[in-house]
Every structure is written in C-alpha cells, then in structure tokens.
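Everything on this sheet refers to the single structure shown next.
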Amino acid sequence: MSRIGKMPIPLPAGVSVKVADNNVVTVKGPKGQITRSFNPSLKIKEVDGKIIVERPSNSKNHKALHGLTRALLNNMVKGVSEGFKKEQELIGVGYRAEAKGQILELTLGYSHTVQFEIPPEVKVETKTEKGKPPLITLTSIDKELLGLVAAKIRSFRKPEPYKGKGIKFVDEVIRRKAGKQAGKGK
C-alpha cells in the first residue's frame, strides 16, 4: 500500500469536510473554503474526525492516485486551518517591489517596470527596509495556486549564478560560480 495514501488526515478544530457525488470534496475552515474534484474511483470518507482515502485495486494507476489524493486533501485541510506563506527577496541594485492592491509592480533593471496581477485568492505584501533586500510575502489557503504565483514572479528575473542577482525565495541557496579570474592561474 501507499505509505502516504494509507495515513489518515486528522481534522483540526473548526474544520469540516463534505464529500459530494463524484468525489467533489469541500473543506471549510476558519481561513476559508476550498472545493476540489478527485478521481471517482477512489473512496474518500470521514470517520471519527479523520479523512480516509481508499483505493479499489492495486493497479499502478490507483496506487499513484492514492498518495496524490491524500496529499492534496491534506494540503486543503492545512490551508483552511493554518494557510500557506511564501517569501521572496529581490537581490540587485535598484530592484524594488511595490504592491498596489492586487497589482505587484516590480523594478528589475529593465527599461520598464513589470506589472503583475495577483489572483484574488492570494494576498501580497511588500516590505522594504534600509540595508536589506526588498521582500515580497505571498499568503493563501491554496498551496498549488500560491506556488504557481511565486514561480511566475521568480521567472521575471531568475537568480544568476555569478553575482546572485534576481528574485529568489528566502530559504533558497543559489549555487555560485567563479568568474573569469578563476581560470587564469598560469
């Protein structure tokens, strides 16, 4: 059996789960509500304050869906109870970020500013302190959407390996390369 798939998902206080026809699952919690549809061949049920996912057979497809479904359900429960957060910092001279409602305005060394519209499910905050790189904080209850938005923002100026300039996640480590001088040892 799938080690991930067979683990029950405990429901925190204030979180309720409703499984409708064709495995459409709605999870409600203090932070909001998420609805998602899953493969109808799997059985999703709530027993004694825990969500259990069962698969009908040991076929390769059902095994793969078993762990995936359980992980997605766990992310839904964690999202509506605690929420998710990603932080990115802008490394580079003159790089700036400013949030105007749901529009993120980035100055990244191009001839123009980059304007990016953030989906309404994701909240964005920017913070600029003297002596520290500008910080973008994204929060949401939907982990998948949060990751997509963060990846799109990072793609505007990926960190480069020589000086480390670009948009990087706060806990990300950039592998640095030596420049031209490293090869001149003769």
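Selection of segment 132-186 for residues being touching a helix residue (DSSP H, G or I) at 6+ places or on another chain (Cβ under 7 Å) and open to solvent by 50 Å² or more (accessible area, probe 1.4 Å) yields D142, K143. For the residues K132, K165, the requirement of being touching a strand residue (DSSP E or B) at 6+ places or on another chain (Cβ under 6 Å), over 23 Å from F84 (Cα atoms) and at pLDDT below 95 singles out K165.
Scanning segment 20-38 for residues that are of a type in the set (A, V, I, L, M) and closer than 20 Å to E144 by Cβ, which turns out surrounded by the most Cβ atoms within 10 Å (Cβ to Cβ)? Steps first, answer last, please.
Taking segment 20-38 as the starting set, the residues that turn out to be of a type in the set (A, V, I, L, M) are 20, 24-25, 27, 34.
From the residues that got through so far, the ones that are closer than 20 Å to E144 by Cβ too are 24-25, 27, 34.
Values: V24: 14, V25: 20, V27: 26, I34: 23.
It comes out as V27.
Only one entry of E125, E160 meets the criterion of being outside any helix (DSSP H, G or I) and over 30 Å from I34 (Cα atoms), and that entry is E160.
Kindly indicate the residue of segment 58-81 that is among the small types (G, A, S) and out of contact with any Asp or Glu (no Cβ under 8 Å at 6 or more places or on another chain) and also most open to solvent (accessible area, probe 1.4 Å) among those meeting that condition. First the steps, then the outcome.
From segment 58-81, those among the small types (G, A, S) are 59, 64, 67, 71, 79, 81; that's our starting set.
Applying the additional criterion that residues be out of contact with any Asp or Glu (no Cβ under 8 Å at 6 or more places or on another chain) yields 59, 64, 67, 71, 81.
Numbers: S59: 47, A64: 65, G67: 14, A71: 38, S81: 29 Å².
Restricting to residues being among the small types (G, A, S) and out of contact with any Asp or Glu (no Cβ under 8 Å at 6 or more places or on another chain), the top hit is A64.
Looking only at segment 144-153, decide whether some residue is in a loop (DSSP other than H, G, I, E, B) and closer than 30 Å to N74 by Cα. No, segment 144-153 contains no residue that is in a loop (DSSP other than H, G, I, E, B) and closer than 30 Å to N74 by Cα. Quick check, is I136 out of contact with any Gly (no Cβ under 7 Å at 6 or more places or on another chain), within 30 Å of L72 (Cα to Cα) and assigned to a helix (DSSP H, G or I)? It is false that I136 is out of contact with any Gly (no Cβ under 7 Å at 6 or more places or on another chain), within 30 Å of L72 (Cα to Cα) and assigned to a helix (DSSP H, G or I). Inspection of segment 39-55 identifies no residue that is of a type in the set (D, E, K, R), crowded, with 17+ Cβ neighbours inside 10 Å and not in a loop (DSSP other than H, G, I, E, B).
Pick from G131, G92, G101: which is touching a residue at least 24 places away in the same chain (Cβ under 8 Å), over 30 Å from L11 (Cβ atoms) and over 16 Å from the mean Cα position of the chain (by Cα)?
Testing whether each residue is touching a residue at least 24 places away in the same chain (Cβ under 8 Å), over 30 Å from L11 (Cβ atoms) and over 16 Å from the mean Cα position of the chain (by Cα) leaves just G92.
Could you look through segment 1-16, keep only residues that are under 22 Å from the mean Cα position of the chain (by Cα) and assigned to a strand (DSSP E or B), and pick out the one that is surrounded by the fewest Cβ atoms within 10 Å (Cβ to Cβ)? Ranking the candidates gives P10 first.
Among the residues of segment 55-89, those identified as over 23 Å from V24 (Cβ atoms) and under 14 Å from the mean Cα position of the chain (by Cα) are E82, K85, K86, E87, Q88. Report every pair of residues separated by at least 6 positions or lying on different chains whose Cβ atoms are under 8 Å apart, first residue within segment 1-24 and modelled with pLDDT of 90 or more, second open to solvent by less than 50 Å² (accessible area, probe 1.4 Å) and part of a loop (DSSP other than H, G, I, E, B). Matching pairs, first to second residue: P10/G49; L11/G49; V17/L11; V24/F38.
Quick one: which residue in V114, V124 is more than 20 Å from K31 (Cα to Cα), open to solvent by less than 100 Å² (accessible area, probe 1.4 Å), out of contact with any Lys or Arg (no Cβ under 8 Å at 6 or more places or on another chain) and β-branched (V, I, T)?
V114
Restricting segment 66-96 to residues that are touching a helix residue (DSSP H, G or I) at 6+ places or on another chain (Cβ under 9 Å) and part of a helix (DSSP H, G or I), the residue that is farthest from T107 (Cα to Cα) is T69.
The values are calculated or read from the model by the stated rules, or taken from the named source; none is laboratory data. Predicted model only: the values in this text are computed from it and were never measured. Please note: Cβ atoms are built from the backbone with ideal geometry, for glycine as well, and neighbour counts cover all protein chains shown. Heads up: the accessible areas ignore ligands, DNA and RNA and are worked out on the full protein's heavy atoms, side chains in. Shrake-Rupley method; radii C 1.70, N 1.55, O 1.52, S 1.80 Å.
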